[in-house]
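Asker: Sharing a structure, written as structure tokens. Questions coming.
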Amino acid sequence: MSAGGNMTVAGLFSGKGGVGRSNLAVGLSVALCRKGERVLLADLNSSLHCLDYLLGMEDRMLFGLSDLYKGASPEKVFSESERTKGLFLCPPPEEDFCTDPEGYWAALKQGAAAVEASFLLLDLPATMTGISAFLLEKTDIPLSVTTGEKAALFGAEAFEAQARAAGKQARLLVNRLDMTDLSSYRNGRESVKQWIDRTHTPLVGVVPESYELFRCSEEGRIEEAGETALCFLNIASRLKGEEVPLFSGMREEKKLRRSLLGF
């Protein structure tokens, strides 16, 4: 049984800002919907929220999580994406979530149930205090978002320790991986395998740097064809409990595994 009953709660965490949590949140939400799920995507980054812009819904967001907490109906607060059927957005609270964390959490869960969401995906602030620390306890699948930067990997290592202390198993989600020179990962450059070892976190997926990913981060658009969409679909499958090999279906799949994972 998940923390949300019949609903799976996944959270995008990081110990460092600028790793691309929000564009991953959009990509994963779209992929889950394409796999038949209903998703409530909750933007919980009050100071730097952007999901409404990425999803092209900024003109429709008249209410937020604070209104839901105060008794507004989910139909008034949540908006369904015109681009992706089954994807609902919950805007961030105007007030500090941690003034009444259990109350806000109860409102969010009830709202997700009202739209029959099978996945509640949380886009959280970078800091691992306050709302992020509280919601780690509520999350079924804590996703540790990192890039290959040393500071981001340090943050991922710190998050793994915090998740383990909370009795949770973090899963590593690598974003914006540079794949322009795969041979460099076999000739001295740190590989994804070494990042897994450094952060002590099992890998759930890799999203390479690409023009498609740029469009996702700038416009919130994920083309159905292309390897970025395939990466998100593969990760979504793993979040659903399916066994999908890393880089499944991608060009040079064996070369990618050998270069980045060593097998």
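Asker: Over the Cα atoms, compute the radius of gyration (one decimal) and Dmax (the largest Cα-Cα distance, rounded to a whole number) for region 131-202, in Å.
Answerer: 13.4, 42
Asker: Amide H to amide H under 5 Å from Leu124: which residues, 5+ apart in sequence or cross-chain, H placed 1.01 Å off N in plane?
Answerer: Under 5 Å from the amide H of Leu124: Leu12.
Asker: Also: Can you pull the Rg over Rh of region 4-100, Cα-only, Kirkwood? Write down the numbers at each step before the final one.
Answerer: On the way: Rg = 13.2 Å, Rh = 14.1 Å.
Reported Rg/Rh (Cα atoms, Kirkwood Rh): 0.94.
Asker: Run the accessible area of the chain with a 1.4 Å probe and give the carbon-and-sulfur part as a rounded percent. Kindly include the intermediate steps, with their values, before the conclusion.
Answerer: On the way: 5520 of 11530 Å².
On the chain, the fraction of accessible area on carbon and sulfur atoms equals 48 percent.
Asker: Among Ala106, Ala126, Ala163, whose mean-square fluctuation peaks in a Gaussian network model of the chain (Cα, cutoff 10 Å)?
Answerer: Ala106
Asker: Per residue, how much accessible area does the chain show when a 1.4 Å probe rolls over the protein heavy atoms, in square angstrom? Don't skip to the end; give the middle numbers.
Answerer: Numbers: 11530 Å² over 263 residues.
Roughly 44 Å² per residue, with all protein chains present.
Asker: Say the cut-off is 26 Å between C-alpha atoms; which of Lys138/Lys254; Lys150/Lys240; Lys16/Lys254; Lys16/Lys138; Lys35/Lys150 go over it?
Answerer: On the way: Lys138/Lys254 37 Å; Lys150/Lys240 30 Å; Lys16/Lys254 31 Å; Lys16/Lys138 21 Å; Lys35/Lys150 34 Å.
Those over the limit are Lys138/Lys254; Lys150/Lys240; Lys16/Lys254; Lys35/Lys150.
Asker: Still on this structure: Any chance you could give the angle, 0 to 90 degrees and rounded to 10, that helix 150-165 forms with the longest Cα principal axis of the chain?
Answerer: 60 degrees
Asker: Which one of Leu122, Leu135, Leu41 has the biggest mean-square fluctuation once the chain is modelled by GNM with Cα springs under 10 Å?
Answerer: Largest GNM mean-square fluctuation: Leu135.
Asker: Can you tell me the Rg and Dmax of region 51-151, counting just the alpha carbons, in angstroms?
Answerer: 14.2, 44
Asker: Still on this structure, please answer the following. Mind ranking 176-188, 71-83, 231-243 by how tightly packed they are, going by the mean number of other C-beta atoms within 10 angstrom, highest first? Mind showing how you got there, number by number?
Answerer: Details: 176-188: 13.4, 71-83: 15.8, 231-243: 18.5.
Sorting 176-188, 71-83, 231-243 by mean packing, highest first, produces 231-243, 71-83, 176-188.
Asker: A follow-up question, please. Please report the projected area of the chain's Cα convex hull averaged over all directions, in nm².
Answerer: Working: hull surface 51.4 nm².
Hull-based average projected area comes out at 12.8 nm².
Asker: With N denoting the number of residues in region 191-255, provide Rg(C-alpha) divided by 2.2 N^0.38 Å, to two decimal places.
Answerer: Details: Rg = 12.8 Å, N = 65, 2.2 N^0.38 = 10.7 Å.
For region 191-255, the normalised Cα radius of gyration comes out at 1.19.
Asker: Let me ask another. Springs between alpha-carbon atoms under 10 Å, Gaussian network over the chain: tell me which of Thr127, Thr139, Thr99 tops the mean-square fluctuations.
Answerer: Thr99
Asker: With each pseudo-label sitting 7 Å past Cα toward Cβ, what's the Ala133-Ala114 distance in nm, one decimal?
Answerer: Rounded to a tenth, the inter-label distance reads 3.1 nm.
Asker: In addition: Is region 134-263 best put as rounded, prolate or oblate by its Cα gyration tensor, with a ≥ b ≥ c the root eigenvalues, rounded for a/c under 1.5, and otherwise prolate when a/b is larger than b/c, oblate when not?
Answerer: Working: a/c = 1.62, a/b = 1.22, b/c = 1.32.
Judged from the Cα gyration tensor, region 134-263 comes out oblate (a/c at least 1.5, b/c at or above a/b).
Asker: Follow-up. Under the 0.36 nm per residue contour assumption, what length would be gained going from the current alpha-carbon distance of Asp96 and Glu58 to full extension?
Answerer: Values: separation 38, 0.36 × 38 = 13.68 nm, distance 2.13 nm.
Additional length available on full extension: 11.6 nm.
The values are calculated or read from the model by the stated rules, or taken from the named source; none is laboratory data. Small disclaimer: the values here were computed from a predicted structure and weren't measured. Using ideal geometry, Cβ is built from the backbone for each residue, glycine included, and neighbour counts are taken over all protein chains shown. Just so you know, the surface numbers come from the protein's heavy atoms only, side chains and all, with ligands and any DNA or RNA stripped out. Shrake-Rupley method; radii C 1.70, N 1.55, O 1.52, S 1.80 Å.
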